[in-house]
Amino acid sequence: MDTLKTNKQNNSNLSIAEEFAEKIKSQQKKDKLSKAAPLIVLATIIVLASIFVKGFFSLTNVVNLLNQISIPLVLATGLTFVILIGCIDLSLEGVMGLAGSVVSLLVLNNKNGNNFGILAFIIILLLGASIGALTGFLHVKMRIPSFIVTFGMGSVATGFAIMSYMGKPATITDPMFAKLSSGSLLGIPYLTWIAFVVFAVGVFLQKYTAFGASVYAIGDNESIVRANGINIDKVKIKIFAWCALCASVAGIFGAIRLQRGEFSIGVNNLFTTITALVVGGAALSGGKGGMFQSLVGVLSITVIQNCMILIGVNPFIQEAVKGVIIIIAVSLSISRDSKFIVK
């Protein structure tokens, strides 16, 4: 009798173990498919574009594509870290506008006698990082949700941008800016090269530093990370500082392209970047995503935008299409088994 009970218990334990192993295998398959899906989507978009969009693979359009990815790639490089911890940064457009406005007043321009040259870039990067650090500090120390504090900080940055040039934007006359705007190396625009450098720094931070490991850990389970003695507040402040620094680089890019600085430089970039990250596989609840996934997402959204421009789609319809894409992408990214919270 005892032997029979023991056999039944062993069979039951074996059944549970087999069921658990099967669940793990199933989850692993889902994870692999989830990681491959953005690449499949990108490949499909490119194939369809090459078939149905005339001139898509022309040299001129390829260069245009490379030029178009520079700003969203830089923004995505910063925002990826924020998304990974389950937060959001809505201040990007404001920081971009402030960075572009101030840098136009620091280099040769038609409003004052300033000529800071390359030093102007350093000043702007420090300004951006400081804004991000302040944002992070307010978020962690005053426990203000990230979407509220960053929305407010974006408005503050926009206000200071408008005040900086007193309603009349400065036109940049610095020859260095003109060269950066139109110049290229090996056929690739200078701004795209710089964007790739920023992206490479992001990859290094994510994959090869303790900071990057902490970012993933916080996004996965903040309570466990805190229990292990990691200074989460310090990590979060660094994350927001890095994100704002990237936004300031994007703002400089915008000023270089327009050859002037104004508060609206960053308009329409925020949700394009968020869409790209989600399309690339990032989860707005945190813990999922990464630099290369973000690159895939940026390429996907940029190619879609490029195709709509080539076939003459109305700009307002383009915005509507982006809205539909982000709704679908976010819906697919949210796990139905877990509570979705933006911190």
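The values are calculated or read from the model by the stated rules, or taken from the named source; none is laboratory data. What you see is a predicted model, and the numbers here were worked out from it, not measured in a lab. All Cβ positions, even for glycine, are placed from backbone atoms using ideal geometry, and neighbour counts span all protein chains on display.
Here are the numbers:
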quantity: Residue in region 135-142 that is outside any helix (DSSP H, G or I) and either under 23 Å from the mean Cα position of the chain (by Cα) or at pLDDT below 95 (or both) present; calculated: yes
quantity: Top-ranked residue in region 106-124 [being of a type in the set (A, V, I, L, M) and buried (at least 18 other Cβ atoms within 10 Å of the Cβ); ranked as farthest from the chain's Cα centre (by Cα)]; calculated: LEU108
quantity: Positions within region 165-210 being of a type in the set (Gly, Ala, Ser), in a loop (DSSP other than H, G, I, E, B) and at pLDDT below 90, in sequence order; calculated: GLY167, GLY183, GLY187
quantity: Residue list for region 305-320, restricted to those being assigned to a helix (DSSP H, G or I) and loosely packed, with under 14 Cβ neighbours inside 10 Å; calculated: PRO315, PHE316, ILE317, GLU319, ALA320
quantity: Where a residue in region 180-209 is farther than 15 Å from ILE256 by Cβ and its partner, wherever it lies, is loosely packed, with under 12 Cβ neighbours inside 10 Å and at pLDDT below 95, with Cβ under 9 Å and at least six apart; calculated: GLY187/LEU59
quantity: Test: residue in region 211-220 that is over 17 Å from THR80 (Cβ atoms), in contact with a Gly (Cβ under 9 Å, 6 or more places away or on another chain), at pLDDT below 95 and among the acidic types (Asp, Glu); calculated: no
quantity: Residue in region 327-342 that is β-branched (Val, Ile, Thr), in a helix (DSSP H, G or I), over 19 Å from PHE147 (Cα atoms) and modelled with pLDDT of 85 or more present; calculated: no
quantity: Residue list for region 264-290, filter: surrounded by fewer than 24 Cβ atoms within 10 Å (Cβ to Cβ), hydrophobic (A, V, I, L, M, F, W, C) and part of a helix (DSSP H, G or I); calculated: LEU270, PHE271
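Okay, residues lined up against (1) in a loop (DSSP other than H, G, I, E, B); (2) among the β-branched types (Val, Ile, Thr); (3) touching a residue at least 12 places away in the same chain (Cβ under 8 Å):
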site: PRO38; (1), (2), (3): no, no, yes
site: GLY55; (1), (2), (3): yes, no, yes
site: ASN61; (1), (2), (3): no, no, yes
site: LEU66; (1), (2), (3): no, no, yes
site: LEU73; (1), (2), (3): no, no, yes
site: THR80; (1), (2), (3): no, yes, yes
site: GLU93; (1), (2), (3): no, no, yes
site: ALA99; (1), (2), (3): no, no, yes
